[in-house]
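So the structure is just underneath, and the comments pick up after that.
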């Protein structure tokens, strides 16, 4: 039996193997806040609308009470935005449990905001107190009562020297375990993983301060790190937290040292049985120098800061 081929054979289309469909991908997460921030960082459309409304009321001579009510609404909304930002950053702190369990802290350090241009050191000390005794111990009026108490007892109101920071920490039964003039990553990383925290004096430009006060010593608290090795900075200048690359933190510390001959890292622990810490803490903190850290207050940004903080 022979096979007969039709005169006009049908040409079948060539089958080609199609590429597998690309899996759906989610949009990448938004980039982290820049290390150097300006005041617009915490603004959103709603806050801008409130501020536009305020300007409209001023322009058309609205009663003072209406303008003050808007000011209050803007401040409350702004605090809510900061609280949300800080809560999100806390969730990314990969050593939070190690710090609480290993360090014996009551909680993560709350993020408090300095009210004046020279209150950064007292505010950082109040954050440490909140971590040791519980956030509720300092969060009334955003910690202002505790901050004022530290200022009255330990500083002259013109900033906080490393020795005065040591005295504040001593008063809370906290130990300055080690100090370094620069950032030693192995020391910082080991301390954070073992349950310690750090008080750091660095250049105030890290907080987004205006150019005319760059170079001022400023106190911040390091309260953890993320899975990229960036450090969780809790900054009293505007009550915000953000993650800083080690090299950026190091540069800010070195800038403070070169411009004011003060700056560095204090590793702070919460000992089970506090011993006589006063002399030891002061001696350890002396590595950082004797200049006060003051910083620049975000709420008071129209005033110039004299010595930094």
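Every number in this text was worked out from the coordinates using simple rules, so none of it is lab data. Since this is a predicted model, take the numbers as computed values, not measurements. Every residue, glycine as well, gets a Cβ built from its backbone with ideal geometry; the counts of neighbours run over all protein chains shown.
Ranked for footprinting exposure by Cβ neighbours inside 10 Å, fewest first, 187, 95, 111 give 187, 95, 111. Rg/Rh, computed from the Cα trace of region 43-91 with Rh as the Kirkwood radius, has the value 1.13.
Applying 1/(1 + (r/R0)^6) with R0 = 35 Å to the Cβ-Cβ distance of residue 83 and residue 258, what FRET efficiency is obtained, to the nearest 0.05? With R0 = 35 Å, the Cβ-Cβ based efficiency is 0.50. In this label model, residue 171 and residue 228 are separated by 3.8 nm, measuring between points 7 Å along each Cα→Cβ vector.
Stretching residue 153 away from residue 69 to a fully extended chain increases their span by 26.7 nm, per 0.36 nm per residue minus the current alpha-carbon distance. Stretching residue 136 away from residue 107 to a fully extended chain increases their span by 9.4 nm, per 0.36 nm per residue minus the current alpha-carbon distance. In terms of its C-alpha gyration tensor, region 61-116 comes out prolate, because a/c is 1.5 or above and the ratio a/b outweighs b/c. Taking other Cβ atoms within 10 Å as a rough exposure proxy, 177, 280, 132, 156 sort from fewest to most as 156, 280, 177, 132.
Extension gain for residue 76 to residue 55 (0.36 nm times residue separation, less C-alpha to C-alpha distance): 5.8 nm. Packing, as the average of other Cβ atoms within 10 Å across residues, places the peptides 97-105, 165-173 in the order 165-173, 97-105, highest first. The label-point distance for residue 62 and residue 98, in a model that sets each label 7 Å from Cα toward Cβ, rounds to 5.1 nm.
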